[in-house]
Amino acid sequence: MLHQSYTLREIASIMHGELVSQSGQFHAVQELLIDSRQLNNPSQSLFFALVTSRNDGHKYIKELYDKGVRSFVVQYLPADSQSLAEAVFIRVDDSLRALQLLATEHRKKFRIPVIGITGSNGKTIVKEWLFQLLNQDKNIVRSPKSYNSQSGVPLSVWKMESRHELGIFEAGISMPGEMDKLQPIILPDIGIFTNIGQAHNENFISLKQKASEKLKLFSGVNKIFFCSDYPDIVAAFNECTWKSSVETFTWGSGENNNLQIVDVKLSGNHTEIKARFSGRTISISIPFTDKASIENSIHCWTIMLDMNYPDEVISHRMAQLMPVAMRLELKEGINNCTIINDGYNSDISSLSIALDFLNQQNQHADKTLILSDILQSGQNERELYLSIARMLKAKGINRLIGIGQAISRQSDVFEIEKVFYPTTEFFLERFNAAEFTNETILLKGARTFEFERIVKNLQQKAHETILEIELSHLVGNLNYYRTKLSTGVKIMAMVKAFGYGSGGYEIAKVLQFHHVDYLAVAYADEGIELRKSGITLPIMVMSPEEHSLEAMLANNLEPEVFSFRMLEFLLQALRNGNFGPKINVHIKLDTGMHRLGFMENEIPDLIEILLANPIMHVKSVFSHLAASDSDKFDDFTHQQIHKFMQMSELFRKQLPEPFMRHILNSAGISRFADAGFEMVRLGIGLYGVPNTKEEQDTLQTVLSLKSTISQIKHLPENESVGYNRSSFTTRPSTIGIVPIGYADGLSRLLGNGKGKLWVNGQETKVIGNVCMDMCMIDLTGIDAEEGDTVVVFDAQHPIEIIASDSETIPYEILTRISRRVKRVYFQE
């Protein structure tokens with residue numbers, strides 16, 4: 001059954017909006033859209049132009065109109081609304097509030113039980129595990145991934161349809177008052193409060209206050225489930241005015257709990273949990289050993305107990321719990337392919353999200369989807385695969401490889417290149433690597449289909465040392481810096497030096513997708529590589545070289561001009577080729593860094609040359625701060641900024657066209673945001689490396705360098721380790737060999753006990769000299785096995801540690817990571 005349609009007149013009435021239409025045609029709406037990049041069904045989509053501190057959705061209206069969208073919720077009519085003759089606008093005071101009102105009205109149409117989940121951590125895991133445990137008995141609608149925000153919750157609830165028998169939605173808040181808006185949207189009958197912790201603490205007076213705000217979600221529930229071992233949750237609940245009208249189901253170590261936990265025993269990769277319930281002893285075993293998983297599983301256990309599931313059913317299903325993969329994984333594949341592995345789940349909502357991520361990867365024209373049966377969707381099989389077929393067509397998928405009995409039965413509904421296999425085993429028996437070349441491949445399979453076996457065949461065999469890149473954290477850091485800037489200030493993102501070691505193209509495409517204004521690279525070949533991979537953003541080349549100028553201009557790259565010599569090389573290249581009526585250039589000024597750039601006394605001659613050669617259009621004038629990260633040199637930084645204003649003013653007075661000015665780097669954005677001018681340059685901060693205390697508390701780690709233990713040796717006292725016998729064991733020792741060396745970027749300065757790596761959360765010292773391809777670590781007294789992960793740096797072990805031990809800075813650590821180190825990209 002399709003989602004219930006609403007007429008635009010109905011919607012306008014619900015959100016107290018004003019209908020504005022030239023055509024008088026009012027379309028029916030089934031899909032809500034807040035991100036122009038996630039368009040699926042234009043004719044039946046309603047776009048909400050949300051206005052935030054970081055973006056304004058109104059600027060994407062024309063783009064969406066050109067793609068077929070005709071229905072829009074706006075706070076103001078776009079300037080070109082007269083040219084959008086078929087568009088229908090619903091004008092409201094607040095487009096986000098309008099979205100919430102519409103979802104609230106939609107929720108009222110359903111009488112099915114709804115579970116609402118909140119807490120500091122574990123919301124998504126509990127929701128997904130409940131789905132795993134209950135979906136074979138009930139048709140469940142749930143939040144896609146972590147859709148728990150002020151906009152995510154209404155989009156989740158909008159997915160409710162008459163076929164559903166149970167809803168599970170999560171809600172998160174970051175400040176007081178937000179839950180008041182989410183409660184009527186979810187309107188839960190059952191509440192789960194997972195825990196209370198430090199996440200988003202900055203906007204709350206105390207943990208108790210935060211707990212009180214989160215509890216507002218449950219003001220109308222029949223029953224609330226929580227762990228009584230959290231005193232702030234208990235205290236906040238006891239002060240709720242509605243406490244007496246709500247049943248509770250508590251669990252914890254105390255005897256007064258409905259479920260008393262009496263024993264938790266870790267055994268290998270499993271945990272045995274024993275408890276007392278209704279006068280009897282019961283137990284479950286889960287395939288996890290970490291504290292968070294134990295807590296999350298007990299929350300799920302309480303729900304199943306309350307729903308009167310037999311103990312043997314609960315025990316069996318708990319033992320089958322699968323990890324929840326919170327991230328899409330992107331990696332290099334065979335034959336120049338790119339592989340996207342999404343083992344999160346196999347429902348149609350998560351498929352749509354994964355396809356949107358696939359469409360960001362535009363380095364390949366061809367896009368292949370390997371898709372298993374969609375299990376337990378509750379939809380009619382024919383209807384389900386017809387909707388998937390429409391989705392694949394809308395998303396531009398070229399080829400479908402279907403695996404499973406159901407999708408094979410519906411093969412005729414797909415109008416693209418296609419092939420079907422009854423099982424994963426059948427596909428692997430016929431696997432031919434030559435059939436996968438120069439394409440992006442998305443794998444989306446239910447757990448039972450074991451698509452990880454397919455991934456092993458498709459991924460490029462690589463070094464055991466990997467650099468993990470969290471793309472969602474990169475975007476989070478970008479948005480953090482956006483909040484620092486005045487309205488209209490543009491961002492130039494630095495992707496030089498192979499994206500600070502993280503991969504130039506992969507980073508560039510994410511930045512392009514998230515609407516940065518400019519990219520900057522060091523050399524022309526970096527920019528040319530980006531152009532060949534489909535990057536269309538303007539790109540400034542910071543160190544153009546004479547021999548590459550013509551190729552650079554042919555690829556629409558914009559050179560930095562920093563000297564008269566470089567200017568002459570550029571003019572000569574322009575005389576040798578036909579590069580259009582104008583080319584953009586960026587003028588570098590030396591305001592005190594004393595590296596590249598024109599001095600103040602050179603400006604009159606420079607302006608004279610620019611005026612005599614109008615083919616060169618000055619796109620920007622900029623300079624570089626020498627010490628913006630150090631308050632010790634703030635006076636000098638202010639001098640630089642003042643001098644830059646004076647020098648750039650000489651250009652503003654004499655050049656015929658306006659240009660942008662920029663001087664701030666990452667630290668400058670944080671500390672001198674008033675000097676943002678028309679553009680800023682965002683570099684190392686984008687990658688999660690802080691320059692200031694505020695950044696240290698706010699930025700998210702983007703890059704993690706990890707390896708593995710290849711072999712473990714047990715040596716007696718007084719044995720030498722490594723080249724030149726530079727280190728000796730001082731006791732009977734356990735030595736681990738790790739496949740990362742100076743050819744991978746690990747400094748030789750870290751050898752002989754100076755450097756440290758981490759194994760299973762414990763610090764280990766590097767012993768002996770660092771070799772070209774490997775190093776040795778002292779594992780004595782540490783519980784470790786061959787194959788265990790070795791961390792060089794990550795969120796818990798900041799890059800600053802290894803930089804200090806290497807007597808250098810994080811920039812150098814990142815940029816010298818060898819390209820032979822496999823890059824794996826994750827997207828939440």
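The values are calculated or read from the model by the stated rules, or taken from the named source; none is laboratory data. Predicted model only: the values in this text are computed from it and were never measured. Here Cβ is always computed from backbone atoms with ideal geometry, including for glycine, and neighbour counts include all displayed protein chains. SASA here: full protein model, heavy atoms, side chains in, ligands and nucleic acids out. Shrake-Rupley method; radii C 1.70, N 1.55, O 1.52, S 1.80 Å.
Averaged over residues, the count of other Cβ atoms within 10 Å places the peptides 176-187, 479-490 in the sequence 176-187, 479-490, highest first.
Semi-axis lengths, largest first, of the ellipsoid equivalent to segment 712-828 are 24, 16, 13 Å, with √(5λ) applied to each eigenvalue of the Cα gyration tensor. Take every Cα pair under 8 Å whose residues are at least 6 apart in sequence, average their separation, divide by the length of segment 391-459, and the relative contact order is 26 percent.
Taking a ≥ b ≥ c as the square roots of the Cα gyration tensor eigenvalues, with a/c under 1.5 meaning rounded and otherwise prolate when a/b beats b/c, else oblate, which class fits segment 320-471?
Values: a/c = 1.44, a/b = 1.34, b/c = 1.07.
Taking the square roots of the gyration eigenvalues as a ≥ b ≥ c, segment 320-471 is rounded.
Here is the list for segment 4-64: trypsin sites (Lys or Arg not before Pro) lying in DSSP coil, each with at most 14 other C-beta atoms within 10 angstrom of its C-beta, are Arg54. Ranking Gln363, Gly592, Phe48 by Cα position along the charge dipole of the chain, where only Lys, Arg, Asp and Glu carry charges on their C-beta atoms, puts Phe48 farthest toward the positive end.
Determine the share of segment 1-88's accessible area contributed by carbon and sulfur atoms, expressed in whole percent, with a 1.4 angstrom probe. The C+S portion of the solvent-accessible surface of segment 1-88 is 48 percent.
Identify all lysines with a Cα-Cα distance to Lys393 below 17 Å; exclude those on the same chain that are fewer than 8 residues away in sequence. Filter leaves Lys67, Lys367, Lys418, Lys444.
Between the amide H of Arg661 and those of Val621, Glu678, Met679, distances stay under 5 Å, these residues lying 5 or more places away or on another chain, with hydrogens modeled in the peptide plane. Neighbours of Ile615 by Cβ distance under 11 Å: Lys/Arg scored +1, Asp/Glu scored -1, total +2.
Just add up the charged neighbours of His642: K/R +1, D/E -1, any other residue whose Cβ is under 15 Å from the Cβ of His642.
Every neighbour counted, the sum reads -4.
Hey, could you grab the Kirkwood Rh for segment 198-355? Inverse mean 1/r over distinct alpha carbon pairs, Å, one decimal. List each step's numbers first, then the result.
Working: mean 1/r = 0.0540 Å⁻¹.
Its Kirkwood hydrodynamic radius stands at 18.5 Å.
For segment 185-271, the share of accessible area belonging to carbon and sulfur comes to 46 percent (1.4 Å probe, ligands and nucleic acids excluded).
Over every Cα atom in the chain, the radius of gyration and the widest Cα-Cα span, Dmax, amount to 29.3, 93 Å. Percent relative contact order of the chain, based on C-alpha pairs within less than 8 angstrom and at least six residues apart? RCO, the chain: 8 percent. In sequence order, segment 298-312 has phi-based couplings of 5, 4, 5, 4, 4, 5, 5, 5, 5, 8, 6, 6, x, 4, 5 Hz under the Karplus curve 6.51 cos²θ - 1.76 cosθ + 1.60, θ = phi - 60°, and Gly or Pro positions carry x.
So what is the relative contact order for segment 456-615, in percent, with contacts set as C-alpha pairs under 8 Å and at least six apart?
14 percent
Measuring between alpha carbons in the structure, the pairs from Lys123/Lys291; Lys145/Lys243; Lys456/Lys706; Lys532/Lys588; Lys265/Lys291; Lys62/Lys395 lying more than 22 angstrom apart are Lys145/Lys243; Lys532/Lys588. Residues whose amide H lies under 5 Å from that of Val790, counting only those 5 or more places away or on a different chain, are Ser707, Thr708, Ile709; hydrogens are built 1.01 Å from N in the peptide plane. Per residue, the chain reaches -9000 deg cm²/dmol at 222 nm when only DSSP H runs of four or more residues are counted, each adding -39500 (n - 2.57). When peptides 268-275, 242-249 are sorted by average Cβ neighbour count within 10 Å, with the highest value leading, the order is 268-275, 242-249.
Distances between placed amide hydrogens fall under 5 Å for His617 paired with Ile583, Asn584, Val585, all partners being 5 or more residues away or on another chain. The mean accessible area for residues of segment 25-171, using a 1.4 Å probe and ignoring ligands and nucleic acids, is 36 Å² per residue.
Summing Lys and Arg as +1 and Asp and Glu as -1 over all other residues whose Cβ lies under 12 Å from the Cβ of Phe218 gives a net charge of +1. Using θ = phi - 60° in the Karplus curve 6.51 cos²θ - 1.76 cosθ + 1.60, the 3J(HN,Hα) couplings for segment 711-717 round to 7, 10, 10, 10, 10, x, 5 Hz; x is entered for Gly and Pro. Classified by the C-alpha gyration tensor, segment 89-242 has an oblate form. Its axis ratio a/c, with a ≥ b ≥ c, is 1.5 or above, and a/b does not exceed b/c.
Over every Cα atom in segment 549-596, the radius of gyration and the widest Cα-Cα span, Dmax, amount to 11.8, 37 Å. Which of the trypsin sites (Lys or Arg not before Pro) across segment 567-602 are loop residues per DSSP, with 12 or fewer other Cβ within 10 Å? Of the trypsin sites (Lys or Arg not before Pro), the ones in loops of segment 567-602 whose Cβ has at most 12 other Cβ atoms within 10 Å are Lys582, Arg595. For segment 482-591, which GluC sites (Glu not before Pro) are both in a DSSP coil and crowded by at most 15 other Cβ atoms within 10 Å? Listed in order of number, the matching sites are Glu545.
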